[in-house]
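Heads up: the structure comes next, in structure tokens.
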Amino acid sequence: MKENRYRMKQGHIIWGLLFLTILLLLHGKLVMAGAVEENGALSVSGTRLVSQKTGKEVVLRGVSTHGINWDVGYPYISKAAFQTLRDDYGVNAVRLAMYTTEYYGYCDKGSAPESQSMVQKTLKERIHTGVTAASELGMYVIIDWHVLNDQNPNKYKKQAKAFFEEMSKKYADYDNVLYEICNEPNGGTTWSDITTYAKTIIPVIRANDKDAVIIVGTPNWSQDVDVASKSPLSYDNIMYTLHFYSATHKESYREKFKTALANGLPVMVTEFGVSEASGAGSMNTGEAKKWLDLLDANQISYFAWSLSNKAETASLLKSGTGKKSGWRSSDLSPAGKWVFGQYRSRGEQSPVPGQTVKLSKPTIKAVNGKGRKIKVTIQKVKGADGYQIRYGTSKKFAKAKKKTGKKTVYTLTKLKKGKTYYIKVRAYKKQNGKTYYSSYSKVKKIKVKK
Ligand code: IDC
């Protein structure tokens, strides 16, 4: 009887777990690791982005796709590509840039052969691929309504309304989705035009998703954050877009940013390039460095334009590369090498949430027997906080002992004489309360003589 009850309970638990798994899968909330797991949904507090889970500040260091409308953009929407960005280049967020006009535009398909509704269907599928990949990797993701040639977001307000209604319904339960409602208003579009548009779109999103972060473009290709800072919107969890291309936008544009920040405007740089504003032309890394220093100092999030192999300066991938993920340094463009170099070194100084900690495996420089003791000397690993030694008389490290510390020299004591000891070492690093380990070094063996 008792046994039966126990079995039933076990059955319930198994069914319960299965049900829960299916539920999680259906909701696409299966976040495995990374920034989202640590921080959950984001909100805006003062000028900062903060975690709803921990209350702490969160900085997004991201990459924007090129237009997902083109074959220089959408082929990089994949889990493999995003994982390379996350694991190799310290990226914790991606932006899916969906052009509203031009070839395959969501509202104006240009000369694309398909019907407008087919174009829309395809674009939404690409967004879903991107959101799913980012969710599985624990990365944040921006859905960007990429206003550019249409200039004034009010031009396609009706379509934008329907689009954001659908998106916010679909992704209401996703903690990692942010909405960018108009990339770059331009052509004389005023802040007042933009707020008219925003006051229509924001409530539509809020009806489905009470607190998602919504990012609003600013006049003049999202440069005039100073103008927006004088009369910001009165909703919660709103950020304002600032874009810069460092070979064009220099100190006078940084001044606009400083004014906005001083006025308390929460700013997000959802696009920056090291090229000229056209995306082409020369590169200016000196100015880009000034920008990133300024943004880092204020914990502002930024996204590099663009994850593409298109032959233009701003592209992060080399124009010749056919690789869709797993890019090594030799697959990157000069801009990509610089940007990812910065992401990595800035990440080492102050890691962004969810950044994978990479540690090379250590080498055991020497093992020296001294009576019944063994002295182990480890080659220092860059970035490590300490080391863990495993040692024992079994080749397979069964019942092996552990020794952990911050030094690079250790003495193992209380060893058995006449036995051969096997020794291996790994490095570790602590970040955000977690311990990350490198893989183990090669095994060294030594016989204890006396
Ligand atoms: C550029 C692309 C380029 C494309 C062009 C027009 O890099 O390949 O031909 O758009 O569609 C922005 C825009 C962004 C631009 C980028 C570079 O948001 O769409 O992409 N840029 O010009 N603002 C400032 C620069």
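The values are calculated or read from the model by the stated rules, or taken from the named source; none is laboratory data. Given the structure is predicted, the values throughout are model-derived calculations rather than measurements. Note that each Cβ is placed from the backbone with ideal geometry, even for glycine, and that neighbours are counted across all protein chains shown. Ligands, DNA and RNA are excluded from the accessible area calculation, which covers all protein heavy atoms including side chains. Shrake-Rupley method; radii C 1.70, N 1.55, O 1.52, S 1.80 Å.
For residues that are within 16 Å of the ligand (Cβ to nearest atom) and within 9 Å of THR84 (Cβ to Cβ), tally how many sit in region 316-328.
Final tally of qualifying residues: 0.
Tally up the residues in region 231-253 that are open to solvent by less than 10 Å² (accessible area, probe 1.4 Å) and among the charged types (D, E, K, R), please.
0
For region 257-286, how many residues meet the condition of being over 17 Å from SER64 (Cβ atoms), away from the ligand (no atom under 15 Å from the Cβ) and not aromatic (Phe, Trp, Tyr)?
The total comes to 11.
Checking THR413 against (1) surrounded by 14 or more Cβ atoms within 10 Å (Cβ to Cβ); (2) over 25 Å from GLU38 (Cβ atoms); (3) of a type in the set (S, T, N, Q): exactly one of these is not met. Which one?
(1)
Here are THR356, THR363, THR377: which of them is surrounded by 14 or more Cβ atoms within 10 Å (Cβ to Cβ) and at pLDDT below 90?
THR356 is the lone residue from the list that is surrounded by 14 or more Cβ atoms within 10 Å (Cβ to Cβ) and at pLDDT below 90.
Please specify each residue of region 196-230 satisfying the condition of being under 30 Å from ALA288 (Cβ atoms), open to solvent by 60 Å² or more (accessible area, probe 1.4 Å) and of a type in the set (S, T, N, Q).
The one that is under 30 Å from ALA288 (Cβ atoms), open to solvent by 60 Å² or more (accessible area, probe 1.4 Å) and of a type in the set (S, T, N, Q): ASN220.
Please work out if ALA172 is within 23 Å of the chain's Cα centre (by Cα), open to solvent by 10 Å² or more (accessible area, probe 1.4 Å) and among the aliphatic types (A, V, I, L, M).
In short, yes.
Return the residues of region 206-230 that are farther than 19 Å from THR270 by Cα and either in contact with a His (Cβ under 6 Å, 6 or more places away or on another chain) or part of a helix (DSSP H, G or I) (or both); say none if nothing qualifies.
Residues satisfying the conditions are ARG206, ALA207, ASN208, LYS230.
Does MET283 satisfy the criteria of being open to solvent by less than 10 Å² (accessible area, probe 1.4 Å) and either aliphatic (A, V, I, L, M) or in a loop (DSSP other than H, G, I, E, B) (or both)?
The answer is no for MET283.
Across region 53-98, what is the number of residues that are polar (S, T, N, Q), in contact (Cβ under 8 Å) with a residue 40 or more places away in the chain and open to solvent by 10 Å² or more (accessible area, probe 1.4 Å)?
Total satisfying the criteria: 3.
Tally up the residues in region 241-255 that are more than 15 Å from the ligand (Cβ to nearest atom) and either modelled with pLDDT under 95 or in contact with a strand residue (DSSP E or B) (Cβ under 9 Å, 6 or more places away or on another chain) (or both), please.
Selection size over region 241-255: 1.
Working carefully through the options PHE340, PHE257, find the one that is assigned to a helix (DSSP H, G or I), closer than 23 Å to GLY34 by Cα and in contact with a Leu (Cβ under 7 Å, 6 or more places away or on another chain).
Every option except PHE340 fails the conditions.
For LYS395, are the conditions met, namely being of a type in the set (Lys, Arg) and in contact with a Phe, Trp or Tyr (Cβ under 8 Å, 6 or more places away or on another chain)?
Yes; evaluated as a whole, the condition is true for this residue.
Would a scan of region 352-374 turn up a residue that is over 30 Å from LEU137 (Cβ atoms), over 32 Å from the mean Cα position of the chain (by Cα) and among the hydroxyl-bearing types (Ser, Thr, Tyr)?
There is no residue in region 352-374 that is over 30 Å from LEU137 (Cβ atoms), over 32 Å from the mean Cα position of the chain (by Cα) and among the hydroxyl-bearing types (Ser, Thr, Tyr).
Residue by residue through region 297-315, note down the ones that are open to solvent by less than 10 Å² (accessible area, probe 1.4 Å), in a loop (DSSP other than H, G, I, E, B) and within 11 Å of the ligand (Cβ to nearest atom).
SER308, ALA314, SER315, listed by residue number.
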